[in-house]
Amino acid sequence: MFWAACAYSMGIIAGLYAWRPALWWIVGIAAFVLAAGYFNRRRPGFAWALGLSAFFFAGAVHLQMRQVSRSFDTSIQSYADRQELTLTAHTIHDGKLRAGAPGETRQSVDLEAESIQTANGRVVPVHSGIRLNIYASAEDQTARPMRTLHYGERIRVLAKLRRPRNFRNPGAFDYENYLAANGIAALGSAKAEEIEMLPVFGGTRVGAWRSRLHRGVIAKVHELWPARAAALIDAMVIGEDAFIDRDTRIDFQRSGTYHVLVVSGMNVSILAFVMFWAMRRLRIGEFPATLLTIAVCIGYAFLTEVGAPVWRATLMCAIYLGTRLLYRDRAMMNALGAAALGLLIIDPRQLLTASFQLTFGCVAIVAGIALPILQRTTQFYRRALGAWDSNAYAATLPPRVAQFRVDLQLIAARIALFVGKKWARMLVCKAAYFSLAASELIFVSAAMQMGLALPMAFYFHRATSLGLPANLIVVPLAQLMMPAVVAALGLGFISPWLARIPALLATFAVDGIAGSVHGLGALRAADLRVAMPSLLMVALAAAALVIALWSAQRPLKFAFGGIALLFAASLMLAFVPPRPRLQSGVLEVTSIDVGEGDSTLVITPQGKTLLVDAAGPVGPGGSQFDFGEDVVSPYLWNRGISRLDAVAITHGHSDHIGGAVAVLKNFKPAELWLGLMPPSPAIESVVKVAHELGIKVVRHWEADEFAFGGTTVDVLFPPQDWFVLNKPRNNDSMVLRVSFEDTSALLEGDAEKQVERRVAALHHPSASLLKVGHHGSANATTPELVDSVKPQFATISVGYGNSFGLPRQETLQHLSAAGARVYRTDIDGAVSFYLDGHSVTPSVAALH
């Protein structure tokens, strides 16, 4: 079943990239099935390969024949134009309170619309999913605390809606499809004071019961544990992440233990093992114990609200436990293959998600690589600890295992002289048992880290160098925490006093997990980020994993050879950077789509890289979204860029400097270029991180001119004597002109009229490409500057449908009158300009 699922998966990939008429695939299926039937008795091995080929063709035709259509109503998108409308809806998931801007409270809640009333009073029935952000200022909170919306409650609210939109850069997270998978067709914002609660329940009885149970468990967690421990237990056991901050998430990711923070297959497996073990100890028969364990796992998946990952794990667990009743041997790989095949038949596109690949990849590595090797190594030696006094039993053991047993007995005999025979036997056996168990845990953890190196590098751009030691500490603690939390919650609903002992055990485990993760995650060695692997590296790493799976069932020398090959592939993913994807011999200037912020990548003819600004949110805010980590870095990694030569920050406004800390940590540039430095916590934080990382901080001033990778960089602003106010402003912007032979680009940050006129009057710059100042606002792009520069092309970094109305029409008219061809990130997404020394070539399609 496992190899059938693999063949089906390969067919899905083939169907995605190699379209053929459905009849071709169907004829192929029929031909291979008939051929497999013909050769089944004559050449079984060949027949097996033909049968797998039939699964391959079936996967391809399934993907191509399946209608790709949205399974939810999107009619609300016709009205999602950021204009105010009155929305009537009911809650489909409980709201989550989060911190917003300073003094602000924000609630995110998923709704199903019932109707909308437009500005002209027309009422339109709609039934689309909406994710609504509700805001309340500190004053509003004091007068009227924000009410958390619960499942099924109906509201009427004045809201502004917008369609979901991705950052249109290669490598960007597909936010639109993520929301679509959750049934969300529009995003919205509203003020808490505008909400009117309506009578009549809007959900189902089952949903209401599940929601009340979920809230009750969360409340009990916060009653039994202090806030910090309760937040981690919410996330790790219940799947509620509302109380987890971004720093905690990053620590778990950096240490390679993020699977512990989120509800995953590990939770289900621990719960199933504990339940099944407990019921068998209570003399409950295997059949009822199996059914009860499966029922508990289903109930747990229903309670957590996590969705597909935990349901996949539950399905695998149910298949595995069910087949134990039918077969003498535990067939984990068969159960894994059957679960994967069943889910892919339901929805073949699940194969393309990171969650699906990590879930099944993790189990395949443990069941297909680690366990077959352990069964022929440490498991043999565990047998030596049984029937301690039986010589007849010893005679049944393999010679090397029998020798190991004799050695232990001799050691026990020596110890017995001091503590007695009984204690000596117990000490020796326990020490041997725990040593073998520890070695198994180390081997399994190492195999998982090596096997998951490819998806971790591909999807998350991380090489978890500390994953092995971190998991050796965290996984056993998680195995203690899970049953302790379940026991404490169960007893807590009876009596808080009865819950004290398991609650203390859970607290010990949670504190150990948090301390280990924070300590290891803070180490610089944990922050190993990698660029997108090349296709060749992906193929080699995937081949190494397949060979390791195949060789694990062969003699040990082949099995360990497969492990060595897998280890080599993981080292290459971590330490052999891919070749950056760039055009040599030209100057590239790329405006990255960062919404309402600003970030520009400059690549010189000699391959040197400069990032000018690192985007960020507009104004102060409490969002956990980091533009440097979540937008700029993925684009650079997708280009194969692992290191930057320099980062320039034009000025200290948040939409230019907000992502700089993440960029410095991820790409460790040789230099950080700064101009004016008014008092600013953001600037101070960036400089501090640069010093900690050993990055040279260089102050650049007007009239500086220097060579950089085959180009000449002229600093046109600011002068050293420019007056500095007590906070950052647009006219602090460092203005750079990067030239290559007869072509050049002028990058002016957020410089406004005063600075532009000075630059035009003093320097008379000309440029083939103008990076338009201040996102195309009316207080920049003066006629004096445009007349001096005479750009052939202009690029504007601006957010789609932004509330500032940028770029201004008069700015576009100035540029048009000067003969400049304008590109905008809100329309074109990431756009690149290639300056070859004589001409400029824009490129948009090449980046999408």
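The values are calculated or read from the model by the stated rules, or taken from the named source; none is laboratory data. Worth saying up front: this structure is predicted, and the values here are computed from it rather than measured. Glycine also receives a Cβ, built like all others from the backbone with ideal geometry; neighbour counts cover every protein chain displayed. For the accessible areas, the whole protein counts, side chains as well, though only heavy atoms, and no ligand, DNA or RNA atoms are used. Shrake-Rupley method; radii C 1.70, N 1.55, O 1.52, S 1.80 Å.
Please determine, by comparing only the residues of the stretch 537-549 that are touching a helix residue (DSSP H, G or I) at 6+ places or on another chain (Cβ under 7 Å) and either assigned to a loop (DSSP other than H, G, I, E, B) or without any contact (Cβ under 8 Å) to a residue 60 or more places away in the chain (or both), which one is farthest from residue 371 (Cα to Cα).
Out of the qualifying residues, it is 537.
Those residues that are part of a loop (DSSP other than H, G, I, E, B) and hydrophobic (A, V, I, L, M, F, W, C), I need them from the stretch 554-591; list them, please. Show your work before the answer.
Pass one, the stretch 554-591, residues part of a loop (DSSP other than H, G, I, E, B): 554-555, 576-586.
576, 582, 586, listed by residue number.
Could you tell me whether residue 495 is polar (S, T, N, Q) and buried (at least 16 other Cβ atoms within 10 Å of the Cβ)? Walk me through it before giving the result.
Values: polar (S, T, N, Q): yes; buried (at least 16 other Cβ atoms within 10 Å of the Cβ): no.
Answer is no for this residue.
Give 161, 85, 132, 111 a once-over and let me know the one that is under 21 Å from residue 175 (Cβ atoms) and touching a Phe, Trp or Tyr at 6+ places or on another chain (Cβ under 9 Å). First the steps, then the outcome.
Working: 85 fails: under 21 Å from residue 175 (Cβ atoms); 132 fails: touching a Phe, Trp or Tyr at 6+ places or on another chain (Cβ under 9 Å); 111 fails: touching a Phe, Trp or Tyr at 6+ places or on another chain (Cβ under 9 Å).
That would be 161, the only listed residue that is under 21 Å from residue 175 (Cβ atoms) and touching a Phe, Trp or Tyr at 6+ places or on another chain (Cβ under 9 Å).
Return the residues of the stretch 716-730 that are surrounded by 22 or more Cβ atoms within 10 Å (Cβ to Cβ) and not aliphatic (A, V, I, L, M); say none if nothing qualifies. Break it down stepwise before answering.
Restricting attention to the stretch 716-730, the residues satisfying the condition of being surrounded by 22 or more Cβ atoms within 10 Å (Cβ to Cβ) are 716-718, 728.
Answer for the stretch 716-730, where residues must be surrounded by 22 or more Cβ atoms within 10 Å (Cβ to Cβ) and not aliphatic (A, V, I, L, M): 717, 718, 728.
Say we look at the stretch 364-389 and pick out the residues that are open to solvent by 40 Å² or more (accessible area, probe 1.4 Å) and touching a residue at least 24 places away in the same chain (Cβ under 8 Å); which of these is nearest to residue 567 (Cα to Cα)? So that I can check it myself, show each step before the final result.
Of the residues in the stretch 364-389, the ones open to solvent by 40 Å² or more (accessible area, probe 1.4 Å) are 371, 375-376, 379-383, 387, 389.
Applying the additional criterion that residues be touching a residue at least 24 places away in the same chain (Cβ under 8 Å) yields 371, 376, 381-382.
Working: 371: 17, 376: 20, 381: 25, 382: 27 Å.
The qualifying residue nearest to residue 567 (Cα to Cα) is 371.
Quick one: residue 86 ticks every box in (1) open to solvent by less than 50 Å² (accessible area, probe 1.4 Å); (2) farther than 30 Å from residue 121 by Cα except a single one, so which number is it?
Every listed condition holds for residue 86 apart from (2).
Name every residue in the stretch 642-684 that is of a type in the set (Phe, Trp, Tyr) and out of contact with any Lys or Arg (no Cβ under 6 Å at 6 or more places or on another chain), in order of residue number. So that I can check it myself, show each step before the final result.
Taking the stretch 642-684 and keeping what is of a type in the set (Phe, Trp, Tyr), we get 667, 673.
If the condition is that a residue be of a type in the set (Phe, Trp, Tyr) and out of contact with any Lys or Arg (no Cβ under 6 Å at 6 or more places or on another chain), then 673 is the only one that fits.
Return only the number of the condition from (1) modelled with pLDDT under 90; (2) among the aliphatic types (A, V, I, L, M); (3) open to solvent by 40 Å² or more (accessible area, probe 1.4 Å) that residue 60 does not satisfy.
Going through the list (1) modelled with pLDDT under 90; (2) among the aliphatic types (A, V, I, L, M); (3) open to solvent by 40 Å² or more (accessible area, probe 1.4 Å), residue 60 breaks only (3).
Looking only at the stretch 669-693, count how many residues are loosely packed, with under 14 Cβ neighbours inside 10 Å and in contact (Cβ under 8 Å) with a residue 24 or more places away in the chain.
Pass one, the stretch 669-693, residues loosely packed, with under 14 Cβ neighbours inside 10 Å: 679, 681, 684-685, 688, 691-692.
Now drop any that are not in contact (Cβ under 8 Å) with a residue 24 or more places away in the chain, which leaves 679, 685.
Looking only at that region, the number is 2.
Looking at 357, 350, can you tell me which residue is part of a helix (DSSP H, G or I), closer than 20 Å to residue 258 by Cβ, polar (S, T, N, Q) and modelled with pLDDT of 85 or more? Walk me through it before giving the result.
Working: 350 fails: closer than 20 Å to residue 258 by Cβ.
Every option except 357 fails the conditions.
Suppose the filter is at pLDDT below 90, under 49 Å from the mean Cα position of the chain (by Cα) and not in a helix (DSSP H, G or I); does residue 385 pass it? Break it down into steps so the answer makes sense when it comes.
Values: at pLDDT below 90: yes; under 49 Å from the mean Cα position of the chain (by Cα): yes; not in a helix (DSSP H, G or I): yes.
Against the criterion (at pLDDT below 90, under 49 Å from the mean Cα position of the chain (by Cα) and not in a helix (DSSP H, G or I)), residue 385 qualifies.
Going by the structure shown, is residue 76 in contact (Cβ under 8 Å) with a residue 12 or more places away in the chain, open to solvent by less than 40 Å² (accessible area, probe 1.4 Å), under 30 Å from residue 804 (Cβ atoms) and not small (Gly, Ala, Ser)?
On the way: in contact (Cβ under 8 Å) with a residue 12 or more places away in the chain: yes; open to solvent by less than 40 Å² (accessible area, probe 1.4 Å): yes; under 30 Å from residue 804 (Cβ atoms): yes; not small (Gly, Ala, Ser): yes.
Against the criterion (in contact (Cβ under 8 Å) with a residue 12 or more places away in the chain, open to solvent by less than 40 Å² (accessible area, probe 1.4 Å), under 30 Å from residue 804 (Cβ atoms) and not small (Gly, Ala, Ser)), residue 76 qualifies.
Hydrophobic (A, V, I, L, M, F, W, C) and buried (at least 20 other Cβ atoms within 10 Å of the Cβ): does that describe residue 338?
Values: hydrophobic (A, V, I, L, M, F, W, C): yes; buried (at least 20 other Cβ atoms within 10 Å of the Cβ): yes.
In short, yes.
Please determine whether any residue of the stretch 325-347 is of a type in the set (Phe, Trp, Tyr) and in a loop (DSSP other than H, G, I, E, B). Steps first, please.
Within the stretch 325-347, the first condition is being of a type in the set (Phe, Trp, Tyr), and the residues that meet it are 327.
Next, from what is left, pick out any that are in a loop (DSSP other than H, G, I, E, B): 327.
Yes: the stretch 325-347 contains one or more residues that are of a type in the set (Phe, Trp, Tyr) and in a loop (DSSP other than H, G, I, E, B).
Within the set of pairs 6+ apart or on separate chains, which have a first residue in the stretch 440-465 that is hydroxyl-bearing (Ser, Thr, Tyr) and buried (at least 18 other Cβ atoms within 10 Å of the Cβ), a second that is assigned to a helix (DSSP H, G or I) and modelled with pLDDT under 90, and C-beta atoms under 6 Å apart?
If the second residue must be assigned to a helix (DSSP H, G or I) and modelled with pLDDT under 90, the pairs left are 445/468; 445/471; 445/472; 465/525.
I'd like the full set of residues that are more than 20 Å from the chain's Cα centre (by Cα) and either among the charged types (D, E, K, R) or under 30 Å from residue 693 (Cβ atoms) (or both), limited to the stretch 535-568. Steps first, please.
Restricting attention to the stretch 535-568, the residues satisfying the condition of being more than 20 Å from the chain's Cα centre (by Cα) are 535-537, 539-568.
Matches in the stretch 535-568: 537, 541, 554, 557, 567, 568.
Give the residue that is farthest from residue 162 (Cα to Cα), with candidates limited to residues of the stretch 797-816 that are in contact (Cβ under 8 Å) with a residue 24 or more places away in the chain, open to solvent by 30 Å² or more (accessible area, probe 1.4 Å) and not in a loop (DSSP other than H, G, I, E, B).
Looking at the filtered set, the residue picked out is 814.
Quick test of your reading of the structure: residue 774 fulfils all but one of (1) at pLDDT 95 or above; (2) open to solvent by less than 10 Å² (accessible area, probe 1.4 Å); (3) within 36 Å of the chain's Cα centre (by Cα). Name the failing condition by number.
Going through (1) at pLDDT 95 or above; (2) open to solvent by less than 10 Å² (accessible area, probe 1.4 Å); (3) within 36 Å of the chain's Cα centre (by Cα) one by one, residue 774 breaks only (2).
Here are some residues: 139, 153, 114. Which one is farther than 17 Å from residue 182 by Cβ, out of contact with any Ser or Thr (no Cβ under 9 Å at 6 or more places or on another chain) and open to solvent by 30 Å² or more (accessible area, probe 1.4 Å)? Give the steps one after another, and end with the answer.
On the way: 153 fails: out of contact with any Ser or Thr (no Cβ under 9 Å at 6 or more places or on another chain); 114 fails: out of contact with any Ser or Thr (no Cβ under 9 Å at 6 or more places or on another chain).
Criteria check complete, one pass: 139.
When the residues of the stretch 650-668 are narrowed to those that are closer than 30 Å to residue 755 by Cα and not in a helix (DSSP H, G or I), which ends up most open to solvent (accessible area, probe 1.4 Å)? Let's see the steps before the verdict.
To start, the set of residues in the stretch 650-668 that are closer than 30 Å to residue 755 by Cα comprises 650-664.
With the extra rule that they be not in a helix (DSSP H, G or I), the set shrinks to 650-653, 658-659.
Numbers: 650: 5, 651: 5, 652: 11, 653: 54, 658: 38, 659: 0 Å².
Ranking the qualifying residues of the stretch 650-668, first place goes to 653.
Of these, 472, 505, which one is within 23 Å of residue 231 (Cβ to Cβ) and hydrophobic (A, V, I, L, M, F, W, C)? Give the steps one after another, and end with the answer.
Numbers: 472 fails: within 23 Å of residue 231 (Cβ to Cβ).
Testing whether each residue is within 23 Å of residue 231 (Cβ to Cβ) and hydrophobic (A, V, I, L, M, F, W, C) leaves just 505.
One residue is enough: does the stretch 758-766 have a residue meeting the conditions open to solvent by 10 Å² or more (accessible area, probe 1.4 Å), closer than 28 Å to residue 634 by Cα and without any contact (Cβ under 8 Å) to a residue 40 or more places away in the chain?
no
In the list 242, 208, 235, 230, which residue meets the criterion of being over 30 Å from residue 629 (Cα atoms) and either modelled with pLDDT under 85 or open to solvent by less than 70 Å² (accessible area, probe 1.4 Å) (or both)? Show your work before the answer.
On the way: 242 fails: over 30 Å from residue 629 (Cα atoms); 235 fails: over 30 Å from residue 629 (Cα atoms); 230 fails: over 30 Å from residue 629 (Cα atoms).
Just a single option satisfies the conditions, and that option is 208.
Conditions (1) under 30 Å from residue 625 (Cα atoms); (2) in contact (Cβ under 8 Å) with a residue 12 or more places away in the chain; (3) open to solvent by 80 Å² or more (accessible area, probe 1.4 Å); (4) touching a Ser or Thr at 6+ places or on another chain (Cβ under 7 Å), marked per residue:
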{"position": "23", "(1), (2), (3), (4)": "no, no, yes, no"}
{"position": "39", "(1), (2), (3), (4)": "no, no, no, no"}
{"position": "92", "(1), (2), (3), (4)": "yes, yes, no, no"}
{"position": "97", "(1), (2), (3), (4)": "yes, yes, no, yes"}
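If you take the residues in the stretch 390-408 that are over 50 Å from the mean Cα position of the chain (by Cα) and open to solvent by less than 60 Å² (accessible area, probe 1.4 Å), which one is nearest to residue 378 (Cα to Cα)? Working first, answer last.
Narrowing the stretch 390-408 to residues over 50 Å from the mean Cα position of the chain (by Cα): 390-396, 406.
Of the ones still in play, those that are also open to solvent by less than 60 Å² (accessible area, probe 1.4 Å) are 390, 394.
Values: 390: 21, 394: 17 Å.
Among residues in the stretch 390-408 that are over 50 Å from the mean Cα position of the chain (by Cα) and open to solvent by less than 60 Å² (accessible area, probe 1.4 Å), the one nearest to residue 378 (Cα to Cα) is 394.
Can you tell me which of 331, 370 is closer than 30 Å to residue 428 by Cβ and of a type in the set (A, V, I, L, M)? Spell out how you get there, then give the answer.
Values: 331 fails: closer than 30 Å to residue 428 by Cβ.
Just one listed residue meets the conditions, 370.
Would you mention how many residues in the stretch 617-631 are farther than 17 Å from residue 527 by Cα, modelled with pLDDT of 95 or more and not aromatic (Phe, Trp, Tyr)? Give the steps one after another, and end with the answer.
Restricting attention to the stretch 617-631, the residues satisfying the condition of being farther than 17 Å from residue 527 by Cα are 617-625, 627, 631.
Checking the rest, the ones that are also modelled with pLDDT of 95 or more come to 627, 631.
If we keep only those that are not aromatic (Phe, Trp, Tyr) too, we end up with 631.
Result for the stretch 617-631: 1.
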